[in-house]
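Rule-based calculations on the coordinates, nothing more; no lab input. Quick caveat: nothing in here was measured; it's all calculated off a predicted structure. Counting neighbours? That spans all protein chains shown, and the Cβs are built from the backbone with ideal geometry, glycine included.
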Amino acid sequence: MALEQQPLNRRQFLRIGAAATAAVPLTLALASCSQGGSSASGAADKTAQNPFGLKDDSKIEAVLFNGGFGIQQTINAAKDVEKKFKGVKAKVSPTENPAQELQPRFAAGDPPDLINNSGANAIPFSLILKSLSTFDDLMEADNYEGKKISTTLYPGVKKQGSFPGKFVVMPYVMYIYGLWYSDSLFKENDWSAPKTFDEAMDLGAKAKAKGKYLFVWGKEAATYYLTFALDSAIKAGGLDVMHAVNNLEPKAWSQKPIQDVFKALERIVKAGYFLPGGAGMQFTAAQAKWSNDQAALLYPSGGWIENEMKKATKDGFDMVMAPEPTVGTDLAMPFTAMHAAPNQNYIVPSTAKNPAGGKEILRAMLSKDVASDFSKSSAAPTIVKGVVPDDAFGFSGLASQLKALDTAGSDVFDYEFITLYGLNTDQLVIWNDFLSGSASVSDLTTQLQKISDDAAAAS
């Protein structure tokens, strides 16, 4: 597969740092400009079996965003490291808010050895770039099965984790985005996943006739519909649509393919096909209305949804995904094109006490056994190829993800402007208003463009 995205130019990248630095104390901004280095003393010699020079009897600290996938895969990998290296002890801790908890530690020069910097409250990477270790040596190292790591991964990993000139972020999970539904419910009613928004409107009428809604949303995840809308517009208008939004260009949100999708969504909102009250509903509670209560038929999400809702999914639900619908069928890209990318971002600070330990845990995570166990427990694919069997461990959603990715072939795209510029929080407000019916397409467009313009102006 090929990941299609347009790199940010240097001026655009500097804007990220300027915008983000304005929101944090000066001491943190200054700390992030220090190259730093490992504070671990007496590192061991580097060998094929110990490529980063991890010292026996050393301690490793990992702090991980505790999202839909949890932290068990890293705990498992840390145990493998402890078995492999004499006297090594690893402490793995969760966090719900990496920025709030870990930015002060970067400022103090005492960050953990390994961090999963993900979620809505991740640290802007531009703030800490110069305090991060690069991962070129990790790619050249052998995994625990003796295979060179770079040869075992999906393409696009290094590109996804590279900021200008530096490969400093190691993503771990393949995020595959689409429209999710209950295969058993659809088969029972002889329904099909909609390929166009006209078909979605027709399905909404059928859902209403059965006392159900077409869509549901929760307040913290209202921007799932931004991703949904943008993915649909990119398939219709092509990658130029994506590049304009990704690079914060003026009037990017006024592009016709985007406006077409916004207007189609507005029709669905005005028809009353969204379950009411989403702006006041916690997002997993809203998702349970779909996965457990089956009060709504469709939900746009990434592949983490099957694992995230496994305790609140109706027996026999048979969760599967389909490509997002489009406005019409005259498309610049195939309908089967997918938004997919490596994600769940791991970093190793160069200013940590034991960066060799952080990298060693990642080496274990990128080995076949740990990666396979992760997919088996989380119903999601990692960046490691060929570790999911044909039966996908019995997960209907995981099987449908891999099938969709295979069908998409090289027609795979990704954009990073939301994470890089830290825009999710601001965008949530207008999307909750829009999905509630209190904001128009014009309001939505104006607010999204203002958010983009403000980020672009911070240079």
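How large is ³J(HN,Hα), in whole Hz, for each residue of the range 107-116 in order, when computed from phi with the Karplus curve 6.51 cos²θ - 1.76 cosθ + 1.60 and θ = phi - 60°, using x for Gly and Pro?
Working through the residues one at a time gives 4, 7, x, 9, x, x, 6, 9, 9, 9 Hz.
Only helical DSSP H runs with n ≥ 4 go in: add -39500 (n - 2.57) per run for the chain, normalise by residue count and round the 222 nm mean residue ellipticity to 500 deg cm²/dmol.
That comes out to -12500 deg cm²/dmol.
If I stretch the segment between Gln49 and Lys195 completely, what's the gain in nm (0.36 nm per residue apart, minus their alpha carbon distance), one decimal?
Here the answer is 47.5 nm.
Taking Rh as the Kirkwood radius computed over C-alpha pairs, what is the Stokes-Einstein D of the range 126-238 at 20 °C in a medium of viscosity 1.002 mPa s, expressed in µm² per second?
117
For helix 355-365, report the angle its Cα long axis makes with the longest principal axis of the Cα atoms of the chain; keep it between 0 and 90° and round to the nearest 10°.
Roughly 50 degrees, rounded to the nearest 10.
Average the reciprocal distances over every distinct pair of alpha-carbons in the chain, invert the result, and give the Kirkwood radius in Å.
22.8
Out of the DSSP beta bridges found with both residues in the chain, what percent are antiparallel (nearest 5)?
Of all bridge pairs located within the chain, approximately 55 percent are antiparallel.
Could you tell me, in Å, what Rg and Dmax come out for the Cα atoms of the range 356-459?
19.9, 52
Under a 5 Å amide H to amide H cut-off, with H placed in plane at 1.01 Å, what residues pair with Ile123 once short-range neighbours are removed?
Here the answer is Ala99, since their amide H atoms fall under 5 Å of that of Ile123.
Once the Cα atoms of the range 305-419 are picked out, what are the Rg and Dmax in Å?
Rg then Dmax for the range 305-419, in Å: 17.2, 56.
If we count every other residue with Cβ under 10 angstrom of Ala288's Cβ, Lys/Arg +1 and Asp/Glu -1, where does the sum land?
+2
Given 25 °C and 0.890 mPa s, how large is the Stokes-Einstein diffusion coefficient of the range 306-370 in µm²/s, with Rh as the Kirkwood radius over Cα pairs?
146
Give, rounded to the nearest 20 debye, the magnitude of the charge dipole that the chain has about its Cα centre when Lys and Arg contribute +1 at Cβ and Asp and Glu contribute -1 at Cβ.
680
For the range 274-285, what does the Karplus curve 6.51 cos²θ - 1.76 cosθ + 1.60, with θ = phi - 60°, yield as ³J(HN,Hα) per residue in whole Hz, taken in order and with x for Gly and Pro?
Listing the rounded values in order: 9, 4, x, x, x, 5, x, 10, 4, 5, 6, 5 Hz.
If amide hydrogens are placed 1.01 Å from N in the peptide plane, which non-local residues have theirs closer than 5 Å to the one on Phe52?
Residues meeting the criterion, in which the H sits 1.01 Å from N, are Thr47.
Quick one: which of Lys84/Lys353; Lys130/Lys353; Lys148/Lys235; Lys314/Lys376; Lys86/Lys148; Lys158/Lys403 span more than 28 angstrom between C-alpha atoms?
Lys148/Lys235
Given the alpha-carbon gyration tensor of the range 57-123, what are the semi-axes of its equivalent ellipsoid in whole angstrom, ordered largest first, with each equal to the square root of 5 times an eigenvalue?
Working from the Cα gyration tensor, I get semi-axes of 22, 16, 6 Å.
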